Amino acid sequence: MTEDARSVAGNPSKVAKLVETVFSMVSSTKYGGQLLEMKHKLLALARMLKRYSRKEYLDVPWQTIVMITAALIYFVSPIDAIADFLPMIGFTDDAAVILAIWAAVSGDVDRFLAWESVRENTPFEEIGPC
């Protein structure tokens, strides 16, 4: 998975397709309660990867980008440890992966969200941290 993530992260067109897929999946799924927190985390990770790929935000270690890419690939992959179509438990493995990556890169993501809030002229509290 790491080699796949490196390959995708180093290719702007593959990143664009991955991010578009994440945005599409997140917008078509109903999130409530704790899943809403995961939605915000997924979107923040996808935005960060997109900005990095476009060379708009480069103040992040390559390893962080690879980890984020791997997590997003896992999220969009139809092959999961637990099938996503199973009610209530289908996204459990996805959530575990996203939360683990988030914990590992949260400092980098917080810096990105602060940068993004200044760039977008949006109060930091409205877009992060989750």
Any hit, the stretch 78-99, residues being among the charged types (D, E, K, R) and at pLDDT 95 or above
no
If we scan the stretch 114-130, do we find a residue that is surrounded by 18 or more Cβ atoms within 10 Å (Cβ to Cβ) and either under 17 Å from GLY10 (Cα atoms) or at pLDDT 85 or above (or both)?
yes
Can you pull out every residue in the stretch 5-24 that is loosely packed, with under 15 Cβ neighbours inside 10 Å and closer than 12 Å to VAL76 by Cβ?
LYS17, GLU20, SER24
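The values are calculated or read from the model by the stated rules, or taken from the named source; none is laboratory data. In this text the structure is predicted, and so the values were computed from the model without any measurement. Reconstructed Cβ throughout: ideal geometry from the backbone, glycine too, with neighbour counts over all protein chains shown.
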